[in-house]
Amino acid sequence: VANQMQAFEDRPMNWDAWDIDIFYDDKQWLAEPATSVRVIEAGPVRAALEIERRILNSSYTQRVSLAYNSARLDIETVIDWHERHVLLKAAFPVDVLSPSATYEIQWGNTERPAHRNTSWDWARFETCAQKWIDLSEGDYGVSLLNDCKYGHDIHGNVMRVSLLRSPTSPDPYADQGQHRFTLSLYPHEGRWGAATIREAYALNAPLLAVDGTGEAGALVIDQGALTVDRENVVIETVKRAEDSDTIIVRLYETHRRRGPITLMTGFPLASAHRVDILERDRFELAVADGNNITFDIRPYEIITLRLVPAQE
């Protein structure tokens, strides 16, 4: 049973609002049977179900949707939370055999054991991650994406996300009331890769339609203006420089690979520089064909560039 809501008694020995103790799962409650299941969308672009349930004293509604030509199953949840000292998790058992799982962290990812064979493994019963976690075997895997929940645990083949807690100290009303969040189940061929990262970004930063003229002084960059020739490199940030009208681009390597990459711009460049985190120039990069920059990147390296558009 996937997307199973599980509630646990959550009374840590110390630091009520900060700690989760390893014995939290000694007492567990499951959600009640659905009170309503209905089709709310059945069009050519997306199909969706709306499911209403309760768990303990809290009611929640989930919209489970699948878009055309997509392998990503989105589960949007709206819950009215009214518990005390209860931890809520969503569980997803998957048919994948792997001794380790991958967790996304800022600008990269890390692996953790999916078992509790040693005391060190046992101590890592809860792991932080950002937009996704993944469990993969040789030629198949499943990624679990989220848009705002960062506590996870993977034990064996069960992937779980921590959704809500309800400590009473220092805030006696912590987490009380309505919450909205989305989880996405994304099966894929092979191990996790560029597709997982792309889908996680699509969930967290969905496409927005805006007025193309922008506000006065806004930085407007045309579609397809910045691309790289390697799928293991992510362009993460594009912004105006803090002290000029130049463009700052920050990118990073995701697959523990090194080698040359080429950044291509949809506009002509006057110059390009490698800069530090404070946007101070370190050295100039050669510009080829008016809009191509080639440079080396190391595994998990973060690189920041300053681009100076050519004057029209």
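The values are calculated or read from the model by the stated rules, or taken from the named source; none is laboratory data. Note that the coordinates shown come from a computational prediction; the quantities given were computed from them, not determined experimentally. Neighbour counts run over all protein chains shown; Cβ positions are idealised from the backbone, glycine included. SASA here: full protein model, heavy atoms, side chains in, ligands and nucleic acids out. Shrake-Rupley method; radii C 1.70, N 1.55, O 1.52, S 1.80 Å.
In square nanometres and to one decimal, what's the mean projected area of the convex hull around the Cα atoms of the range 87-157? All intermediate terms of the calculation are to be shown ahead of the outcome.
Values: hull surface 20.5 nm².
The orientation-averaged projected area of the Cα hull of the range 87-157 comes to 5.1 nm².
Quick one: ranking 275, 78 by accessible area, 1.4 Å probe, largest first, what do you get? Please list the in-between numbers first.
Values: 275 5, 78 35 Å².
These residues rank, largest area first, as 78, 275.
Taking the Cα centre of the chain as the origin, how large is its charge dipole in debye, to the nearest 20, when only Lys and Arg (+1) and Asp and Glu (-1) carry charge on their Cβ atoms? Provide the component values of the computation, followed by the final result.
Numbers: 32 positive and 47 negative charges, 83 e Å.
My answer is approximately 400 debye.
Given Cα pairs under 8 Å that are at least 6 residues apart, what percent is the relative contact order of the chain? Before the final figure, lay out each step's value.
Values: 720 pairs, mean separation 40.9, N = 312.
That works out to 13 percent.
In what sequence, highest mean first, do 184-194, 80-90 appear when ranked by Cβ atoms within 10 angstrom?
Working: 184-194: 17.5, 80-90: 19.8.
Highest to lowest by the protection proxy: 80-90, 184-194.
So what does the Cα-only Debye profile of the range 221-312 read at q = 0.24 Å⁻¹, as log10 I(q)/I(0), no solvent term?
-1.39
What would the Debye formula give as log10 I(q)/I(0) at q = 0.11, 0.12, 0.14 Å⁻¹ for the alpha-carbon point model of the range 131-282, no solvent?
Results for the range 131-282 at q = 0.11, 0.12, 0.14 Å⁻¹ read -0.67, -0.77, -0.96.
According to the square roots a ≥ b ≥ c of the eigenvalues of the Cα gyration tensor, what is the shape class of the range 7-131, taking rounded for a/c under 1.5, prolate for a/b larger than b/c otherwise, and oblate for the remainder?
On the way: a/c = 2.35, a/b = 1.31, b/c = 1.80.
Since a/c reaches 1.5 but b/c is at least a/b, the shape of the range 7-131 is classed as oblate.
Per the helix-only calculation at 222 nm, which mean residue ellipticity applies to the chain, given -39500 (n - 2.57) for every DSSP H run of n ≥ 4 and division by its residues, nearest 500 deg cm²/dmol? Numbers along the way, then the final one.
Details: 2 runs with 16 residues, N = 312.
Per the formula, -1500 deg cm²/dmol.
When all C-alpha to C-alpha distances in the chain are sorted into bins of 10 Å, what percent of pairs does each bin hold, rounded to whole numbers?
The percentages, shortest bin first, are 5, 22, 27, 23, 16, 6, 1.
Taking all protein chains in place and a 1.4 Å probe, what share, in percent, of the accessible surface of the chain do carbon and sulfur account for? Walk me through the numbers on the way to the answer.
On the way: 8570 of 16960 Å².
Here carbon and sulfur together make up 51 percent of the probe-accessible area.
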